[in-house]
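The structure appears below as C-alpha cells.
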Amino acid sequence: MKVVFCLPGAPTLHAAMSWDSLLVALPGMGVHAYIVRGYNSSVVHCRNELLEVGVKGLSPDTKPFAGLADFDYDFLMWIDSDSVYTPSDFKKLLDLNVDIATGLVPVDPQGRGAVGQFNDWKAMQYLDLRKVPQDKPPFEVGFCGFAFLLVKKGVFEALEYPWFDEVSYTIDNLIVLPGEDFRWCMKVHEKGFKIVAHPSVRIGHEKRVIMETPGPLASGAQGEATRGNA
C-alpha cells in the first residue's frame, strides 16, 4: 500500500518525535511512504503546493501529482506540524478504509474539537471531545481540520483545482471567511463524500507557552508593568 504523507510547515519538537516513531513503524504495517513537505506563509498556498509536485501548467482539471509519470497512491495522509500522535493512531484510520477519516483534535484547553457539524452549511457547531466516549463506534461529522486526516485516492481527483481556497459568505449580516480546511469539507460534501471520525484517535495539539516571572517595578516607576501582545 502506498501512502503519500503531506507534511506542511516546520514541525514542533513533539510533532517531530511523533513522525519519527510513525516512520519506523510503517514497514510493519505494509505501508510504502512517499513524503511531500513544504512551507508557505499562506496555509492555502502551502496545501495546494504539496499536491502540485510534478505538475506543469495548472487548470481546473489538474489532478494531484499529475505531472509525475507512473505515479500512483492509495491514500494521502495529512499531518500538521503541531500534531502529536502514535503509530497506532495512524493504523486505526487506515483500518477504517473509508474515503475520509479523521482523528479528534482539540482546539482549546476546554476540549472543543476541530470537528463538528455545519448548521445549514454555514454556522459551525464544534464537538465537545470530553463528551465523546472513546469506545464509541466511528461516526460521521460535517467538518474537520487537517491536523490528522487520511484521504483515499479519488477524493481530490473529484475536485477542481485549486483544491484549497477561501470563499467568504454572509450570515446575519456578517461576512464569514471559513478556513481552507472547512471550505474543503464543504466541497467534498457537495461531491457526495462522507467524513468519518475515529473516537479513540485523540491527537495532541502542541502549543507554545510563554512563562514570565515579573518582579517589583524599578524604583520611581509609575503604573503597572505590562507586556503587550504583538
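Every read-out reported here was derived from the displayed coordinates using simple, explicitly stated rules and does not represent laboratory data. Note that the structure is a prediction, hence the values are computed from the model and not measured. Methodologically, a virtual Cβ is constructed for each residue, glycine included, from the backbone with ideal geometry; neighbour enumeration extends over all protein chains shown.
Odds and ends about this structure:
- For the chain, the longest principal axis of the alpha carbon atoms and the long axis of helix 180-190 meet at an angle near 40°.
- Checking (1) 11.1; (2) 12.8; (3) 17.2 against the coordinates, the calculated mean projected area of the Cα convex hull in nm² falls under label (3).
- A simple charge model with +1 on the Cβ of Lys and Arg, -1 on the Cβ of Asp and Glu and nothing else charged puts the dipole of the chain at about 360 debye relative to its Cα centre.
- When W184, W19 are arranged by Cβ crowding within 10 Å, least crowded first, meaning fewest neighbours, the order is W19, W184.
- Residue order, fewest to most beta carbons within 10 Å, for T102, T213, T62, T86: T213, T86, T62, T102
- Within the chain, antiparallel bridges make up roughly 60 percent of the DSSP beta bridges whose residues both belong there.
- Taking Cβ atoms as reference points and 12 Å as the exclusive limit, the residues near V201 contribute a net charge of +2, counting Lys and Arg as +1 and Asp and Glu as -1.
- Degrees between helix 87-96 axis and first principal axis of the chain (Cα, 0 to 90, nearest 10): 50
- L150, L94 arranged by Cβ crowding within 10 Å, fewest neighbours leading: L94, L150
- Amide H contacts of V55 (H built 1.01 Å from N, under 5 Å, at least 5 apart or other chain): G67
- Dipole of the chain, positive end: most advanced residue of H45, A10, L129 [Cβ charges, Cα centre]: L129
- Sum of side-chain charges, E190 neighbourhood, beta-carbon under 13 Å (Lys, Arg +1; Asp, Glu -1): +3
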